[in-house]
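Worksheet: the structure to be examined is printed underneath.
The values are calculated or read from the model by the stated rules, or taken from the named source; none is laboratory data. Quantities reported herein were computed from a predicted structural model and do not represent experimental measurements. Here the Cβ positions follow ideal geometry from the backbone for every residue, glycine too, while neighbour counts run over all protein chains shown. Surface accessibility is based on the protein's heavy atoms, side chains included, excluding ligands, DNA and RNA. Shrake-Rupley method; radii C 1.70, N 1.55, O 1.52, S 1.80 Å.
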Amino acid sequence: MEHLDSVPPRQGLVIFLNGTSSSGKSSIAAELLRVLDEPYFHMPVDAFHAMRSSAPVPPDELGTVLHRTWQGFHRAVAGMAAAGNNVVVDHVLSAEWRLHDCLSLYAPQDVVLVGVHCPAEELERRERERGDRPAGLAARQLEQVHAHGIYDIECDTSRATPLECALRIREFLPGRPTPTAFERLRAAG
């Protein structure tokens with residue numbers, strides 16, 4: 001058995017999938033876990049919301065509870081990566097502070113920012129088909145989610161399957177350019 005003090009420190013790679021609800025992030029993440037050569041953890045924000053107890057939250061406290069959940073999620077991802085774990089993040093940057101929080105926490109040279117795009121009509125169809133999202137949620141998120149405008153790589157899930165998107169991302173990883181999107185976004189302040 002290996003002693004913990006003999007494990008060399010390293011920063012894990014974060015593949016950061018950003019897109020609206022129903023855009024296909026979770027499906028791409030599942031395929032990435034199948035096709036990537038190294039172990040990765042899939043950390044979807046939905047899983048963090050699902051961890052909350054079913055105790056009722058007073059309406060005037062809901063915003064605070066949700067904000068703290070997002071902050072905790074960001075820090076959990078940062079902690080996993082800082083411990084040397086590779087992570088696939090499934091995220092919705094539908095509020096500007098979320099991006100700034102992530103920029104302040106993650107090693108920007110070790111983040112691959114992936115834009116997951118899907119046209120509004122297809123998002124609406126997927127929402128209806130899923131039945132577990134409020135109608136119009138994705139459409140309301142569209143404008144802000146991609147407002148920062150800079151990605152390392154982008155996918156359109158209306159034109160490519162989740163597996164095709166995952167394979168494109170896998171092929172992109174070995175020669176990813178610098179500065180990364182996170183480095184450029186952090187420098188832009």
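A compact table of results
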| read-out | value |
| --- | --- |
| Estimated inter-spin distance, GLU96 and ARG75, nm [label 7 Å along Cα→Cβ] | 2.4 nm |
| Net length gained if the chain between ARG184 and ASP37 were fully extended (0.36 nm per residue, minus Cα distance) | 50.2 nm |
| Cα-Cα separations in the range 87-189 greater than 23 Å, expressed as whole percent | 32 percent |
| Whole-number accessible area per residue in Å² for the chain, which is evaluated in the context of all protein chains at 1.4 Å | 54 Å² |
| Antiparallel DSSP beta bridges within the chain, as percent of all bridges there, nearest 5 | 0 percent |
| Size descriptor, Kirkwood hydrodynamic radius, that averages inverse alpha-carbon separations across the chain, Å | 17.4 Å |
| Distance between modelled label sites at ASP156 and ALA50, nm, 7 Å Cα→Cβ extension | 3.1 nm |
| Cβ-isolated cysteines (cut-off 4.7 Å), the chain | CYS102, CYS118 |
| Inter-part distance where the range 141-189 and the range 61-92 are each reduced to a Cα centre, Å | 19 Å |
| 222 nm mean residue ellipticity, helices alone, for the chain (DSSP H n ≥ 4; -39,500 (n - 2.57); rounded to 500) | -14500 deg cm²/dmol |
| Percentage relative contact order, the chain, counting C-alpha pairs under 8 Å, at least six apart | 34 percent |
| Sequence-separation-based contact order of the range 100-189, relative, with Cα cut under 8 Å and 6+ spacing, percent | 46 percent |
| Residue among ALA120, ALA76, ALA50 with the largest mean-square fluctuation in a Gaussian network model of the chain, springs linking Cα atoms under 10 Å | ALA50 |
| Antiparallel DSSP beta bridges within the range 1-91, as percent of all bridges there, nearest 5 | 0 percent |
| 10 Å Cβ shell holding at most 13 others, DSSP loop, trypsin sites (Lys or Arg not before Pro): longest site-free stretch of the chain | 53-158 |
